[in-house]
Amino acid sequence: MHLQFHPTIEEFLHLCGPALQDHEAQNGLMLGLVLREQERIREGTSSGEILLISASDNGQLLTAAIQTPPHNLVLSPMPAAMVQPFARLLHQKGISFPGIVGPESEVKAFAAMWEDLSGHPTRIEFAQMIYRLNAVHPISVSSGEFRIARIKELETVAKFFQDFSEVALPEREKAIRTLDIHREKAAKRIDKGEIFLWHDQGDIVSMAGISAPTTNGVRINAVYTPKELRGKGYASSNVAALSQHQLDNGKQFCFLYTDATNPTSNKIYQHIGYEFIANSAMYSIREEK
């Protein structure tokens, strides 16, 4: 197995792009992050620290991995037999990361091997499901209206981000995500036109966002409705409207990650038109030995 570290995104995409694009939604997180970093390089806002890795055998791509330090390592699907040797090679190269995200079976095996190699304990943070939508199903729309977030709504969006992080982020990240950090993130995403809100009788009742689009798709994320407002169809209406908005603006599909242990949210997305395509998982690595 030949392990290669790519000096440029262009080289990485030239070698890995076609195989990743064959399953674009399943590899959407990786592709979206790489394309976003490419855009940042063009804008001059990149830290230039993205790690781009591929493993091949006799010229055939076996897997790819990326990391934007200090964030998690993102894995693409790979043959089961190569998970352990791939982990060994990364460990030999001194690669470090706080966690691993990717296909459930591969990440589980990789985490176990990494624990043996590094001596650092690992644990599962989230079992996830990846869904893809090609067309929005007709649904019963709740009262209210859909529209893009405005900067004057920054404080509400920041508070929604903070509340969303309590259920969507690993423990280590919750501790460092202050309201000020959420406010800064909200301002950037509102400015980029990535946050969309459902309003009912003048109140903001639900939020959803888009992030890191791929060539043909876009990821829906940051779906949040305050607890006291749930059960009224606000999230369903907002996500359905946002998904249709993305399709109307040229995307061929939308995709998203769900909590595999939450049957309610999974049912809601299926009702809108999202179809299950793969299981995913996130494991964290603790530094203590």
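Orientation-averaged projection of segment 130-267 equals 8.5 nm² [convex hull of Cα atoms, one quarter of hull surface area]. Simple spin-label estimate for Glu184 and Glu10 gives 3.2 nm between the two label positions (7 Å along the Cα-to-Cβ direction from each Cα). With a simple spin-label model that places each label point 7 Å from the Cα along the Cα-to-Cβ direction, the separation between Asn58 and Glu287 comes to 4.4 nm. Just so you know, the averaged projected area of the alpha carbon convex hull for segment 6-146 sits at 11.7 nm².
Per the Cα gyration tensor, segment 208-277 maps to an equivalent ellipsoid with semi-axes of 21, 13, 11 Å, ordered largest to smallest.
Angle, helix 83-92 long axis vs. longest principal axis of the chain, Cα atoms, 0 to 90°, nearest 10? Roughly 70 degrees between the two axes.
At a probe radius of 1.4 angstrom, the accessible area of segment 1-144 per residue rounds to 48 square angstrom.
Protection proxy ranking of 20-28, 146-154, 41-49, 271-279, by the mean of other Cβ atoms within 10 Å over each peptide's residues and highest first, is 20-28, 271-279, 146-154, 41-49.
Ordered by packing density, taken as the mean number of other Cβ atoms within 10 Å over each peptide's residues, highest first, how do 258-270, 213-225 rank?
213-225, 258-270
For Ser206, the amide hydrogen comes within under 5 Å of the amide hydrogens of Trp198, counting only partners 5 or more places away or on other chains and with H modelled in the peptide plane. Shape call for segment 57-129 from the C-alpha gyration tensor, a ≥ b ≥ c root eigenvalues: rounded (a/c under 1.5), prolate (a/b greater than b/c) or oblate? Rounded, because the longest to shortest axis ratio a/c is under 1.5.
Within the listed set Gln201, Gln128, Gln60, the residue fluctuating most in the Gaussian network model of the chain (springs between alpha-carbon atoms under 10 angstrom) is Gln201.
FRET efficiency for the pair Asp22 and Arg230, taken as 1/(1 + (r/R0)^6) with r the Cβ-Cβ distance and R0 = 35 Å, rounds to 0.40.
Among the protein heavy atoms of the chain, carbon and sulfur supply 50% of the accessible surface, probe 1.4 Å, non-protein parts ignored.
In straight-distance terms, cross-link reach from Lys232 covers every one of the aspartates and glutamates whose alpha-carbon lies under 18 Å from its own, apart from those fewer than eight places away in the same chain; here that gives Glu145, Asp200, Asp203.
For the chain, the longest principal axis of the C-alpha atoms and the axis of helix 28-43 are separated by about 90°. How far is helix 9-21 tilted, in degrees, relative to the longest principal axis of the Cα atoms in the chain, given as a value from 0 to 90 rounded to the nearest 10? Taking the Cα atoms of the chain, the angle to 9-21 is about 70 degrees.
The order of Ser143, Ser118 by accessible area, most exposed first and with a 1.4 Å probe, is Ser143, Ser118. Taking only alpha carbon atoms, the chain gives an Rg to Rh ratio of 0.97, where Rh is the Kirkwood radius.
The values are calculated or read from the model by the stated rules, or taken from the named source; none is laboratory data. Note that the structure is a prediction, hence the values are computed from the model and not measured. FYI the Cβ positions are ideal-geometry reconstructions off the backbone, even for glycines, and counts take in every protein chain you see. Side chains included, ligands, DNA and RNA excluded: accessible areas come from the protein's heavy atoms. Shrake-Rupley method; radii C 1.70, N 1.55, O 1.52, S 1.80 Å.
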